[in-house]
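A.B. asks: Before I ask anything, here is the structure I am working with.
The values are calculated or read from the model by the stated rules, or taken from the named source; none is laboratory data. This structure is a prediction, so every number in the text was calculated from the model and none was measured. All Cβ positions, even for glycine, are placed from backbone atoms using ideal geometry, and neighbour counts span all protein chains on display. The area values use the complete protein model at the heavy-atom level, side chains included, leaving out ligands, DNA and RNA. Shrake-Rupley method; radii C 1.70, N 1.55, O 1.52, S 1.80 Å.
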Amino acid sequence: MTKAEIIEKIYEKVGFSKKESAEIVELVFDTMKTTLERGEKIKISGFGNFVVRQKRPRIGRNPQTGEEIEICARRVLTFRPSQVLKIALNHDGNA
Amino acid sequence: MRQGKEGGVNKSDLITAVAGQMPNLAMKDVEIIVNTIFHSMTDALSTGDRIEIRGFGSFEVRVRQPRSGRNPKTGENVSVGLRRVPFFKVGKELRERIRDDERGA
């Protein structure tokens, strides 16, 4: 599934024009990106949480050469799926 | 954007923020659209489909093989069946924007 298919779904289900649907989908993801860039977490009930975590600097190693390199302190994004999403993925009796 | 008590943004904050930038749309309509986005993503993942949102990231389903585990409290053996778990990989653009490291990225 791509953004284009999400836009198609909105067009089908909600009846907005494709142009409007595309504009809103774009805006939703842009808003999420700006929020995460500020270091804030996003909680989407029924789907999951997007959390920005601070990582400390550490010494890493180039696995090919064995050379040590310093890995800078940085922020990373993690996604924690909600229980609802986890169950939805296993609903067909394979859980 | 308005923030919850413990910081962070929830779905209704996201809806309010998007609606604020689309003055010609009713809040209710934005709500329906945001819900449709996450519902269609859940549907896609539950059929095993991969999702790619360029600039944001991708979601895929990973399969955990059945294994025999142990109840840590009782020591009893339990079998854990095959499970599917969602996996998110952040996209390049968003990763760079969040990174905020010493290089000033």
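A.B. asks: Kirkwood Rh, segment A:40-95, all Cα pairs: how many Å? Spell out each step's value before the answer.
C.D. replies: Numbers: mean 1/r = 0.0707 Å⁻¹.
After inverting the mean inverse Cα-Cα distance, the result is 14.2 Å.
A.B. asks: Any idea what log10 I(q)/I(0) is at q = 0.10, 0.14, 0.19 Å⁻¹ for chain A, Debye with uniform C-alpha scatterers and no solvent?
C.D. replies: Those come out to -0.49, -0.80, -1.02, one per q.
A.B. asks: Using the alpha-carbon centroid of each, what span in Å lies between segment A:27-56 and segment B:42-98?
C.D. replies: 18
A.B. asks: Okay, next question. Identify the GluC sites (Glu not before Pro) of segment A:52-95 meeting these criteria: DSSP loop state and at most 12 other C-beta atoms within 10 Å of the C-beta. Could you put the intermediate results ahead of the total?
C.D. replies: Working: sites: A:Glu67, A:Glu68, A:Glu70; in loops: A:Glu67.
Answer by residue number: A:Glu67.
A.B. asks: Taking Cα atoms, how many degrees apart are the long axis of helix B:27-46 and the longest axis of chain B, rounded to 10 and kept between 0 and 90?
C.D. replies: 30
A.B. asks: With Cβ to Cβ distances under 10 Å as the rule, what net charge do the other residues near A:Gly60 carry (K, R +1; D, E -1)? Don't skip to the end; give the middle numbers.
C.D. replies: Working: positive: A:Arg58, A:Arg61; negative: A:Glu67, A:Glu68, A:Glu70.
Residues near A:Gly60 contribute -1 overall.
A.B. asks: What is the percent carbon and sulfur in the accessible area of chain A, measuring with a 1.4 Å probe over the protein chains and ignoring ligands? Please report the intermediate quantities before stating the final value.
C.D. replies: Working: 2690 of 5550 Å².
Result for chain A: 49 percent of the exposed heavy-atom area is carbon or sulfur.
A.B. asks: Still on this structure: Where in segment A:65-85 does the label zone of A:Arg56 land, with the point 7 angstrom along Cα→C-beta and an amide N cut-off under 12 Å?
C.D. replies: Output list for this probe position: A:73.
A.B. asks: Shifting gears a bit: Mind scanning A:Lys18/A:Lys41; A:Lys33/B:Lys11; A:Lys86/B:Lys73 and naming the pairs with a C-alpha gap bigger than 20 Å? Please list the in-between numbers first.
C.D. replies: Working: A:Lys18/A:Lys41 30 Å; A:Lys33/B:Lys11 14 Å; A:Lys86/B:Lys73 24 Å.
Cα-Cα > 20 Å for A:Lys18/A:Lys41; A:Lys86/B:Lys73; rest within.
A.B. asks: Can you tell me the 0 to 90 degree angle between the C-alpha axis of helix A:3-14 and the longest principal axis of chain A, rounded to 10?
C.D. replies: That works out to roughly 30 degrees.
A.B. asks: When the helices in chain B are scored as -39500 (n - 2.57) per DSSP H run of 4 or longer and the sum is shared across all residues, what 222 nm value do you end up with, to the nearest 500 deg cm²/dmol?
C.D. replies: Numbers: 3 runs with 39 residues, N = 105.
Computed ellipticity for chain B at 222 nm equals -12000 deg cm²/dmol.
A.B. asks: Based on the Cα atoms of chain B, what semi-axes does the equivalent ellipsoid have, where each is the square root of 5 times one gyration tensor eigenvalue, given in whole Å with the largest first? Numbers along the way, then the final one.
C.D. replies: Working: eigenvalues 241, 84, 59 Å².
Each semi-axis is √(5λ); the values are 35, 20, 17 Å.
A.B. asks: Now, a different point. Hey, what's the Cα Rg ratio for the protein assembly as shown versus the globular rule of thumb, 2.2 N^0.38 Å?
C.D. replies: Its radius of gyration relative to the 2.2 N^0.38 Å reference: 1.19.
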